[in-house]
Amino acid sequence: MSMYEPRRVADPTAQEASDRPRGTATRADHHTPRHAVPGVGDRIFARGGIALAAITASATAGAVVVGSTADPAVAMGAVPGQVPSVQLELAAALEQPAVRTLTADQLAAPATITAKRAAKALVSHTPLYTTASVNVRKQASEKSDLLGQLQLGVRVSATAEIDGKYRKVEYDKGYGWVLEAELSDAAPIEAAGTTWAACSRGSAVERKLRKDTVHIYRSVCALFPAVNSYGGWRAGGLPFHKNGRALDIMLTPRAESALGHRIAKYLIAHAKVFNIDHIIFEQHIWTPSTPRWRKMADRGSLNANHFNHVHVAIRA
């Protein structure tokens, strides 16, 4: 009677032995240790030197965890708790990370660049300044439609395109043409001169004004034609206006603030020539003795705080 042998998990070497007649043995049976065919875990161990690795293999009846050692495989199915937790943790660590796939609507759309903007970006621009009040025309001709006007000292982006006497510049989100002779690469307000030529607005404002005050009026009139109006002599109040020593250069509050500051810079640049005592604009005062802008007390109105005009007065 043969002895009962317990059933083992299928072993490829055992299948080979069953094909031989009972009682026979090979030389390898006596000298070669018997073990299972190397699994995935064994290969990982051989390549990377990992001390313990585990691979989870799915099967119809359940999952089988194969260890890196020669221990019999552990079947797991109805009772997962039988599998050592360390093997489960290592098996999870060896899994590939999930890859997220983005759909087309999840990708940020590139910014739209119009043909006009793209063409503009390719044009070379040079910063220049207007040396006088400059007309901006639609085409390079004095007969072309007038697009607008640039005042003295305005910085413009000029292109390299020149047609006769005109040069193409950026204007109002597009382009226009101005006389090239009226552009300079240096800020011209400080360099602009003064004039005694009669103002095109007439001489009514000059009534009872001192000589230096008239000089200021005519010079500002010639360089800044966009000024709304002027105020000169008036009775009462502080001595400057009633003595003919002050001039008010009227502007639109806020909207023409930049123009007011250009006029103030021009007056400061020629303070000695004009014999200036002080300049007031937008609640700030400038004097030759303290040549910087200082804030003044609030006088209660746009006019009293000089937001609607540049006030300039000369010394006695």
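Listing for the model above:
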quantity	calculated
Summed side-chain charge close to Glu180 - residues other than Glu180 whose Cβ falls under 9 Å, Lys, Arg +1, Asp, Glu -1	+1
Percent RCO, i.e. relative contact order, over region 148-218, from Cα pairs under 8 Å lying at least 6 residues apart	21
Under 30 Å from Lys173, Cα to Cα: lysines that are on another chain or at least 8 residues apart	Lys116, Lys120, Lys138, Lys143, Lys165, Lys265
Residues of region 228-287: accessible area per residue with a 1.4 Å probe, Å²	42
Cα pair distances exceeding 19 angstrom across region 170-235, given as percent	48
Carbon plus sulfur fraction of accessible area for region 169-266, probe 1.4 Å, in percent	52
Check: region 128-231 dipole with +1 on Lys, Arg Cβ and -1 on Asp, Glu Cβ, in debye	500
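The values are calculated or read from the model by the stated rules, or taken from the named source; none is laboratory data. Because the structure is a prediction, the values reported are computed rather than measured. Using ideal geometry, Cβ is built from the backbone for each residue, glycine included, and neighbour counts are taken over all protein chains shown. Areas reflect the complete protein model, heavy atoms only, side chains present, ligands, DNA and RNA absent. Shrake-Rupley method; radii C 1.70, N 1.55, O 1.52, S 1.80 Å.
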